[in-house]
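The values are calculated or read from the model by the stated rules, or taken from the named source; none is laboratory data. Predicted model, so just to flag it, every value in this text is computed and none were measured. Positions of Cβ are backbone-derived with ideal geometry, glycine not excepted, and every protein chain shown enters the neighbour counts.
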């Protein structure tokens with residue numbers, strides 16, 4: 001694991017902040033535990049309204065969100081994209097098909113997963129979507 005991605009800050013930089021928006025408490029807890037284990041700072045929201053409020057309060061580096069939840073849906077994803085145009089958004093749903101994926105991407109999602117989510121694939125996608133760790137490191141002092 002790259003040390004710059006672990007929980008402690010390197011060269012004065014903090015780890016990436018991920019916002020997890022999921023109405024199922026057990027699923028939210030699982031996602032947070034798995035991503036925290038990868039060294040990210042985590043913020044949580046239990047529905048779309050809380051997710052939007054969290055984004056407006058402080059933009060995260062990446063958002064992992066459910067689609068079908070209170071105050072969720074494609075309009076919610078579109079509003080997230082409007083609020084944080086450059087932030088990667090990973091959308092998950094247990095009720096999706098090819099059309100749902102297409103509409104989620106058109107609404108602003110960067111990546112899409114059907115539930116149950118393979119955590120290894122989700123974590124790999126999170127790493128791929130975040131800026132490379134090397135860009136966060138200052139050049140060595142000699």
Worksheet item: In the stretch 109-125, which residues are in a loop (DSSP other than H, G, I, E, B) and either more than 13 Å from the chain's Cα centre (by Cα) or surrounded by fewer than 19 Cβ atoms within 10 Å (Cβ to Cβ) (or both)?
Response: 110, 115, 116, 117, 118
Worksheet item: How many residues does the stretch 126-142 hold that are loosely packed, with under 12 Cβ neighbours inside 10 Å, in a helix (DSSP H, G or I) and at pLDDT below 95?
Response: 2
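Yes/no matrix, rows are residues, columns are (1) at pLDDT below 95; (2) over 20 Å from residue 100 (Cα atoms):
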| residue | (1), (2) |
| --- | --- |
| 1 | yes, yes |
| 10 | yes, yes |
| 26 | no, yes |
| 32 | no, yes |
| 47 | no, no |
| 58 | no, yes |
| 62 | no, yes |
| 65 | no, no |
| 68 | no, no |
Discussion item. With the condition being closer than 15 Å to residue 108 by Cβ, I'd like the helices (runs of 4 or more DSSP H) fully within the stretch 23-94 carrying at least 1 qualifying residues.
Written reply: 48-57, 74-83
Discussion item. Out of the residues in the stretch 12-22 meeting the condition of being part of a strand (DSSP E or B) and touching a helix residue (DSSP H, G or I) at 6+ places or on another chain (Cβ under 7 Å), tell me which one is modelled with the lowest pLDDT.
Written reply: 13
Worksheet entry | Residue check for residue 101: surrounded by fewer than 16 Cβ atoms within 10 Å (Cβ to Cβ) and either in contact with a strand residue (DSSP E or B) (Cβ under 9 Å, 6 or more places away or on another chain) or closer than 13 Å to residue 20 by Cα (or both) | no
